[in-house]
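Below you'll find the structure, written out as structure tokens, and then a few comments.
The values are calculated or read from the model by the stated rules, or taken from the named source; none is laboratory data. Keep in mind that what you see is a predicted model, and the values were worked out from it rather than measured. Every residue, glycine as well, gets a Cβ built from its backbone with ideal geometry; the counts of neighbours run over all protein chains shown. Protein only, heavy atoms only, side chains kept; ligands, DNA and RNA dropped before computing areas. Shrake-Rupley method; radii C 1.70, N 1.55, O 1.52, S 1.80 Å.
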Amino acid sequence: MWRRLGAMIRKELAQLARDVPLVLVLLWAFGGSIYVHGHGVSTQLFNYPIVIFDLSKSAPSRELVGRLHAPYFKIVGRVRNDREVVEALDLARASAALVIPADFERRLREGRAEIQVISDGTLSTSATIAAAHLATITAEFNQYLAAQGGRPVPRVPAVDARIRVAYNPNQTNAWFSSVLELLNMTTMVSILLTATALVREKERGTLEQLLVTPLRPAELFAAKIVPTILVVVLLSVLAMTGIIRGVFDAPIRGSLLLFYAVTVVYVFTIASIGLAIAVLVRNAAQSMMVLILILFPMLFLSGARNPAETMEPWMRYASLSSPMRFYIDFGYQVLFKGNGIAYVWRDLIGISVIGALVFGFAVVRYRRFFHR
């Protein structure tokens, strides 16, 4: 058995090495994609373009405008009328406009000054973050006026909130984005490699040749899964060492041995899903459509962007059928928090149970389809 399995694994690795387009996809997935997401995908506010419509042109208005500085805001121009404000937003020259009324200084002395911020809500996340920053700047401006002897502010009970962000004190978004993309690519590549490998056998007619060999269904599937595990884990190690730690300097607090050991189990589970898809479909086009049908719900239910606790109850229960939810929770706990097996054993059980069920389904379906 081991000799047959070894021969099949060598055949799969040789076929993969000769498939140049697939090799390029793998290099992009574990190289370029992780690098681009680490640098290009951010939830932080950076150089948010804003135009200024200052009708007051007074010292207080200039002081307020001067607080809109880098790295959060970038003043891209000053407008002279309402039409130019609308044009700046419609033509995407700016994402927000700050309007300061002509009587700003007088109303400021009376203690009832107002300003208007018009924001482009098509990018709702950035608009919300920008609004929060502007509210903070306005509050700091009010404190500055009080300190400069402006309108006296009555003393009221106040709470000084001192917030400490654990595990990522500088809130470096590249750490989160690069690790998340590594986990996503591990999922997509694992399911893609095994599904395409078995579908290719169907399309070329070589699967029927394998049926007359002593190779059992479980051995055939293992020969498809083991090369996927070897390739994905190797590329994951290179991405972790060369990009996540080498380029982004992300601190890895947990055990990499534990991380890669569970990654092997996870790749087995995802590869089993790919085999189940390949058994059910007839050609590569059908497999791609089914892959999309399965991958997107897995991504949405994984809790990658929003914790599972914030989902609707039925979605929270549905996410338990996604191995990706368990893997992402496991990855964050081990890599960022430094937790050990005592904290992540539930995730390991969830991944293992789903993998065993799907692998068993694929084997049974294969036997029934080919009457073996």
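Is the shape of region 185-264 rounded, prolate or oblate, going by the alpha carbon gyration tensor and its root eigenvalues a ≥ b ≥ c, with a/c under 1.5 for rounded and a/b larger than b/c for prolate? Because a/c hits 1.5 or more and a/b exceeds b/c, region 185-264 counts as prolate.
So if we plug the beta-carbon distance of GLN116 and ASN306 into 1/(1 + (r/R0)^6) with R0 = 45 Å, what FRET efficiency do we get, rounded to 0.05? After rounding to 0.05, the efficiency reads 0.90. Stretched out straight at 0.36 nm per residue, the stretch from VAL20 to VAL265 would grow longer than its current Cα-Cα span by 85.5 nm. The alpha carbon convex hull volume per residue for the chain rounds to 185 Å³. Quick one: how many lysine pairs does the chain have with C-alpha atoms less than 22 Å apart and a gap of 8 or more or different chains? Give me the count, please. For the chain, the number of qualifying lysine pairs is 4. Its Cα gyration tensor gives region 78-154 an equivalent ellipsoid, and the semi-axes of that ellipsoid, as √(5λ) in whole Å with the largest first, are 28, 16, 8. With both labels modelled 7 Å from their Cα along Cα-to-Cβ, the ARG106 to ARG346 distance reads 6.3 nm.
Where both partners of a DSSP beta bridge lie in the chain, what percent of those bridges are antiparallel, to the nearest 5? Mind dumping the intermediate values first?
Details: 4 of 14 bridges.
Of the beta bridges lying entirely in the chain, close to 30 percent run antiparallel.
Starting from 0.36 nm per residue, how many nanometres of slack lie between ASP82 and PHE361 once their C-alpha separation is accounted for? Walk me through the numbers on the way to the answer.
Values: separation 279, 0.36 × 279 = 100.44 nm, distance 6.44 nm.
Gain on stretching ASP82 to PHE361: 94.0 nm.
Within the set of other residues whose C-beta is less than 15 Å from the C-beta of ILE34, count the net charge using Lys and Arg as +1 and Asp and Glu as -1. Please report the intermediate quantities before stating the final value.
On the way: positive: ARG245; negative: GLU181, ASP249.
Around ILE34, the charge tally is -1.
Binning the C-alpha pair distances of region 1-122 at 10 Å intervals from 0 yields a P(r) profile of 11, 26, 19, 11, 9, 9, 8, 5, 2 %, listed from the shortest bin outward. Placing pseudo-labels 7 Å out from each Cα toward the beta carbon at GLU63 and TRP314 gives an inter-label distance of 5.6 nm.
Quantify, in whole percent, the carbon and sulfur part of the accessible surface of the chain (1.4 Å probe; protein heavy atoms only). It would help to have the intermediate numbers written out before the result.
On the way: 12650 of 20650 Å².
Of all accessible area on the chain, carbon and sulfur atoms account for 61 percent.
Grab the beta carbon distance between LYS74 and LYS11, set R0 = 45 Å, and tell me the FRET efficiency rounded to 0.05.
Calculated transfer efficiency: 0.20.
Expected output is a single nm value to one decimal: the length gained when fully extending between ARG93 and THR128, i.e. 0.36 nm times separation in residues minus the C-alpha distance. What is it? Working shown, then result.
Details: separation 35, 0.36 × 35 = 12.60 nm, distance 1.86 nm.
Stretched fully, the ARG93-THR128 segment lengthens by 10.7 nm.
Taking all protein chains into account, the per residue accessible area for the chain stands at 56 Å² (1.4 Å probe).
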